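The values are calculated or read from the model by the stated rules, or taken from the named source; none is laboratory data. This structure is a prediction, so every number in the text was calculated from the model and none was measured. Backbone-built Cβ (ideal geometry, glycine too); neighbour counts: all protein chains shown. Note: accessible area is taken over every heavy atom of the protein model, side chains too, but ligands, DNA and RNA are not part of it. Shrake-Rupley method; radii C 1.70, N 1.55, O 1.52, S 1.80 Å.
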Amino acid sequence: MEKKLILAIETSCDETSAAVIENGQTILSNIVASQIKSHQRFGGVVPEIASRHHVEQITLIIEEALEKADVSYDELDAVAVTEGPGLVGALLIGVNAAKAIAFAHDLPLIAVNHIKGHIFANQLVTPLEFPLLSLVVSGGHTELLYMASEDSYEIVGETRDDAAGEAYDKIGRVLGVPYPGGKHIDQMAHEGKDTYEFPRAMIQDDNFDFSFSGLKSSFINTVHNAKQKNEEINANDLAASFQAAVIDVLVDKTIRAAKEKNVRQLILAGGVAANKGLRTALEKAVSEELTDVELLIPPLELCGDNAAMIGAAAYVQLKNNNYADFSLNGRPGLSV
Ligand code: KG4
Ligand code: ZN
């Protein structure tokens with residue numbers, strides 16, 4: 001097989017990342033500069049600050065990715081970049097860097113959907129096989145996507161309100177853990193017990209949609225009422241109970257959808273795929289209920305935002321000559 005090298009760039013939110021990927025599956029380099037510390041004191045990502053950091057970092061990170069991979073611009077076959085969804089100002093930094101490189105080195109330009117990138121993070125470990133179902137759970141998205149082939153996406157279900165990661169981050173704020181709260185809540189959940197009663201919204205419904213805003217409100221009310229009555233709260237137990245409610249709905253609906261769609265692989269993707277409880281619960285459910293299905297979960301370093309996953313998704317487009325032109329723009333609300 002001919003060797004194809006893609007330089008990939010990701011700047012959709014608060015990570016500036018560049019990677020060099022061979023044939024959509026081998027990581028030659030994957031540099032990720034996180035801005036989390038700059039946003040933490042504001043309790044969330046500040047778009048202006050994100051754009052500013054991306055501008056400062058992008059050239060350095062791209063040079064570092066090429067250097068680490070020991071690849072020169074002349075050896076590249078394409079440059080790929082996240083076009084959306086994400087923060088428009090942040091996306092534009094990556095898009096413009098990619099356009100400049102494509103123009104200067106006469107390279108094809110590939111525009112990649114961030115969500116597809118999260119799914120293809122798994123391709124960097126195990127070849128994807130179709131049909132597959134992917135549960136994409138991140139700070140901005142909670143979706144069940146069915147893929148009949150490597151270039152076809154159907155939304156089977158999605159959240160009607162908050163994304164799972166967003167709910168984690170919001171209740172993290174109530175418990176006073178640093179932003180983003182998901183990782184901290186996950187740790188606390190492992191120290192606590194599922195003793196508080198929280199709703200499992202839509203779990204019985206005859207569809208594959210999710211809702212997390214009721215759970216979030218119920219959590220906030222529980223903490224608020226306890227404080228008003230001067231009752232002690234057990235933060236670890238609250239975290240464990242919240243996490244159990246999230247996992248129950250995610251796993252239940254995902255397993256049901258995988259059965260209905262009769263898939264070969266089930267994929268977990270996105271930042272929340274780093275959640276220890278979710279990983280374990282899904283592994284258990286698949287081994288018990290979907291014995292013919294292969295479960296793919298990315299290693300922790302490929303769960304959060306990174307450019308390697310963008311390079312993996314871009315390879316499909318390279319094979320199909322699916323290129324962008326210089327009118328490419330950031331598309332904050334892009335869907336699959
Ligand atoms: O995919 P990602 O890096 O960015 C988006 O595309 O949104 O996902 C970030 C989200 C945040 O909400 C963060 O709290 C959540 O992933 N997250 C976790 C864990 N690690 C990261 N949520 C639950 N448990 C974790 N261990
Ligand atoms: Zn993401």
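Between amide H atoms placed 1.01 Å from N, distances below 5 Å from residue 159 occur with 142, 210, all of them 5 or more places distant or on a separate chain. When +1 charges are put on Lys and Arg Cβ atoms and -1 charges on Asp and Glu Cβ atoms, the dipole computed for region 171-238 relative to its Cα centre reaches about 320 debye.
Overall shape: oblate for region 157-202, with the ratio a/c of the largest to smallest alpha carbon gyration tensor axis at 1.5 or above and b/c at least equal to a/b. Can you tell me which of 29, 138, 152 moves the most in a GNM of the chain? Springs connect C-alpha atoms under 10 Å apart. In the Gaussian network model the winner is 152.
Remark: region 97-104, residue by residue, has Karplus-estimated 3J(HN,Hα) of 5, 5, 4, 4, 5, 4, 5, 5 Hz, where x stands for each Gly or Pro and the curve is 6.51 cos²θ - 1.76 cosθ + 1.60 at θ = phi - 60°.
The alpha-carbon of residue 259 sits under 28 angstrom from the alpha-carbons of these lysines, leaving out residues fewer than 8 places away in its chain: 116, 276, 284. Using θ = phi - 60° in the Karplus curve 6.51 cos²θ - 1.76 cosθ + 1.60, the 3J(HN,Hα) couplings for region 209-219 round to 8, 10, 8, 10, 6, x, 4, 4, 5, 4, 4 Hz; x is entered for Gly and Pro. Between the Cα long axis of helix 182-191 and the first principal axis of the chain there is an angle of about 40°, rounded to the nearest 10. When DSSP beta bridges are limited to those with both residues in region 1-127, what percentage is antiparallel, rounded to the nearest 5? Of all bridge pairs located within region 1-127, approximately 60 percent are antiparallel. The angle separating the long axis of helix 235-261 from the principal Cα axis of greatest extent in the chain is about 60 degrees. Of the solvent-accessible surface of the chain, computed with a 1.4 Å probe and all protein chains present, 46% belongs to carbon and sulfur.
With the simple spin-label model, which puts each label point 7 Å out from Cα in the Cβ direction, the residue 200 to residue 213 separation comes to 2.3 nm. Cross-link partners for residue 68 among the aspartates and glutamates, with Cα-Cα distance under 16 Å and sequence neighbours closer than 8 places in the same chain left out: 22. Relative to the dominant Cα principal axis of the chain, helix 164-174 is inclined by about 60°.
Using DSSP to call loops (not H, G, I, E or B), can you name the GluC sites (Glu not before Pro) in region 208-264 whose Cβ has at most 11 other Cβ atoms within 10 angstrom?
Values: sites: 231, 232, 260; in loops: 231, 232.
Within region 208-264, the qualifying GluC sites (Glu not before Pro) (loop, at most 11 other Cβ atoms within 10 Å) are 231, 232.
Beta-bridge orientation, the chain: approximately 60 percent antiparallel, per DSSP, counting only bridges with both partners inside.
Just to confirm, what accessible area per residue do you get for region 1-44 at 1.4 Å probe, in whole Å²?
Working: 1780 Å² over 44 residues.
Dividing the accessible area of region 1-44 by its residue count gives 41 Å².
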